[in-house]
Each structure stands twice: as C-alpha cells, then as structure tokens.
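As structure tokens, the structure follows; a few thoughts come after it.
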Amino acid sequence: MTDADKKLPREQRMLLLLVGSSLFINNYDLGIFALALPQIQASLQIPEESLGLYTGIIRFGVLLAFPLAFMADVIGRRKLLLLTVIGMTLSTVLSAFAQSAPQYLVLQTFARCFSYAEEMICYVIIAEEVAPHLRGWALARLAALGTLGYGLSSLLYGQIGALPHGWRDFYLIGGLGLIVIMLARRSLKETARFAELKASRGPTQSLRDHLKPIVSLARAYPGRFVALVGTTAPYSFGIAAAFAFISKFLQETHGFSPAQVGYLQFFGGALSILGFFAAGRVGDFAGRRLVLGICIPLVVGLFLAFYLTGNPTLLVASWIGCLFFYFASEVTLSAMGSELFPTSYRSTSSAARGVINTVSGIAGLAAESALYAVVGSHALSVIILLGLAPLAIIPVIFFLPETARRSLDEISPEVELDVETAPTPFP
C-alpha cells in the first residue's frame, strides 16, 4: 500500500475499488474490440472501405450516454451507476450472439452508451469524495484500475484461436464480470456533496429545476466550457484513427501474429500505466496544465514515429511511450472536466466533455475512411489526421484555469443564474 493509499480513509479506498472495477470491464470490452477487429471484420463481413466508419458508428453510444449522465445531477450518482451496470451487462452478453454487422453495431452502440455514462459518473464520484491534495492521485488510480482491463483483453486475445467461439467468448467473459460488479454495487452510497445539494433543493422540484444542469452548462461558466471543447475536440479528432488501427497495422503491415499483438499490448500497457500515476503526482504538485502541455505534443510525435518507422525496436518503444503520455493526458483531461464545474451540474459537464471527445473521435474515423478512399493507405490517412491534434495546446496555455490543489468550491462555486451579474468568461 502506498503512502497516498494510507492517507485515504478505508471507505474511500473501497469506493475506488468499487467504481473502478466497472471501468476495468469497460476497458476490457474496448480492448477486445480494438484487438479483435480483424477477426470481427471477417466474421461479420464488414467491407474494408467502411471499417473506419463502422468503428465510428459504435462510438455514437456517447450521444445516448449524455442524458444518462445528466440524470445523475437530478436523481443522484448511486442510482445511475446501478442502472448503467445493468445496461452494460445485457448489451455485452448479447454482443456475443450477434449474427450480422448491423446487430453487432446496435448492441455495441448500447454498450458504449452505458459504459460512457458509467465512466463519466465514476470520475465525478471520486472528484467529489477525495481531498484536493489527493484528488489527482485518486483519479489516476481510478484510471489505472480501469486500464488493467486492456491488459486482460491483451492476454486473452493471444488465445483467440483456442476459444471455441473465437471473439464471441470474450464478451461472455466480460458479462460474467459485470454480474459480479452489479451485485457488489448494492452497498454503494450517495456522495456527500450530492446528498447535501439534494437536501438544499427541498422535497419538490419543477421541470425547470430538473433542466437546470443543462442550462447552467451553457450559462454559468461558458468560457471554461468553450476552452475545454477547444482542447478535447482537435486532440480526439486527430488521434482516434491512430488508436483504432494499431492492431490492424501491426498484423497486416509488420506481420505480427494475434498473440504477439496481445503480448505487446499487455506488457506495453503494464509499463505505460505508470503514466496515470505520473500525471496524478505531477498534476497535484505542478499543475494539470503543465501535464497537458507536455503530454499532448509527445503523444502526436510518438504516434508519427510508430506509423512511419520500419525498425521493430523503435516500433515497440514508440508505442509504449505514446501510450504512457496518452494515459497521462487523458486522466488529466478527465480530472479537469470533473473539477471545473459545480456539483449541481458536474455530471452533466463531464458527460458533455465525453460527448465532444467521442463525437470528435467519430469524425476523425469518418475522415480516415474518406482519406483512405483517396490515398489508399490507412497509415498515411492516420498520419495526415495527426497533424491536427497539436491545436489542443492553444486553449490549455491561454484559457483553461488551473485546478490542482484547490477545493471544488474554490474552483467552481455555485452560480445563481437569476443574478444579474454573470461570471466572467474565463474565471
């Protein structure tokens, strides 16, 4: 147990485990899709020229995730987490029985809906429950626990040829894990911050009050939201295709076997997971903006090296380094998305960032399909799109406020929208 672990009360350590376990299965599911893409494509007869678009369609589940995460600001975090884990379980298990590409796409879209909402709310819960000086570390721990799911998918993917039903069995395994989590979640308590907010609202609310989180998102701190969009959108648009085609690129361009890809993902991910902890520590000490300013350019540069090199050693090293700095940047963006806005619409703002992140990724994948039709190469299409990702640095440097080591009330006090004096655009 680390020193940071010991500073957390036992209840908060258990909370990390309870909410992080679902992120573990969520990332396991995502990892299986990315790794087994060639086998899924062949089994369901997905055309090569439509692969990027089909991959993007599945991510549209984030649009359905937004109203779910919004409801966490209305009825509470606990109730929504119980709902999302049930939805994840059903859609994951049913994906194993899909007989056509449309069936699989629909089921995985719903799976993404519940899993995206789940992830958004989990980050909000940890941000609300942990002390400011440990918040970055705790969120990093949550992200690291979730990423272990990629490690499990990598190990299992190496055995895909030995499974009786191939890639379908992976979804059955994930469904069993979600059933265990669903049973354990019955003991989950509501966050203290939301319970206090609910008590202050009183026993009854009008429809207008229920819609207030969405209105607040646009009116209370508009400058912050615009800056967060300006960071998230170009970054996700530029790198989405780069991640989506890793397994396919390794197998078809460099001749890696499924087992070799799985082992690379597992051992590379095991090293790269340290990026979460580095981001948490450095972010708590030196600031989140510094972490983003360093990591985003390094992710782009290392991805370019990965898709351009023919040297096996550099290929592996660039992939591990890219994953390390991506993990660091993503957990920092997730932390800021949960810290920059008040309790009354923290889940809504986190969901909005998730929607922007995923829709931008979908647009990037659709752009990859369009570029592939012109240049005839997935790798070249990915390289072209990577050129847009560094634009994310501009709002980080000039507009996003620092959130490290500050209480949530200090960072984002509640704003009464009926007061004539509105907050400044970039407080």
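Just for segment 181-212: of the residues that are outside any helix (DSSP H, G or I) and open to solvent by 70 Å² or more (accessible area, probe 1.4 Å), which one is modelled with the highest pLDDT? Out of the qualifying residues, it is 189. For segment 23-43, the count of residues that are outside any helix (DSSP H, G or I), buried (at least 21 other Cβ atoms within 10 Å of the Cβ) and modelled with pLDDT under 80 is zero. Of the residues 83, 17, 51, the single one that is over 30 Å from residue 199 (Cα atoms) and aliphatic (A, V, I, L, M) is 51.
Within segment 58-93, the set of residues being in contact (Cβ under 8 Å) with a residue 60 or more places away in the chain, among the aliphatic types (A, V, I, L, M) and either surrounded by fewer than 20 Cβ atoms within 10 Å (Cβ to Cβ) or not in a helix (DSSP H, G or I) (or both) comprises 63, 72, 74, 82, 86, 93. Of the residues examined, residue 223 is not one that is at positive phi and surrounded by fewer than 20 Cβ atoms within 10 Å (Cβ to Cβ).
Criterion applied to 305, 351 was being assigned to a helix (DSSP H, G or I) and surrounded by fewer than 24 Cβ atoms within 10 Å (Cβ to Cβ), and the one residue passing it is 305.
Only one of the numbered conditions (1) surrounded by fewer than 20 Cβ atoms within 10 Å (Cβ to Cβ); (2) in a helix (DSSP H, G or I) is not met by residue 310, and that is (2). Just one of the numbered conditions (1) within 20 Å of the chain's Cα centre (by Cα); (2) open to solvent by 10 Å² or more (accessible area, probe 1.4 Å) is not true of residue 332: (2). What do you reckon, is residue 278 buried (at least 17 other Cβ atoms within 10 Å of the Cβ) and among the small types (Gly, Ala, Ser)? Here the answer is yes, as residue 278 does meet what is asked.
The values are calculated or read from the model by the stated rules, or taken from the named source; none is laboratory data. Here the structure is a predicted model, which is why all the values come from computation and not from measurement. Every residue, glycine as well, gets a Cβ built from its backbone with ideal geometry; the counts of neighbours run over all protein chains shown. We work out accessible area using only protein heavy atoms, side chains counted, and drop any ligands, DNA or RNA first. Shrake-Rupley method; radii C 1.70, N 1.55, O 1.52, S 1.80 Å.
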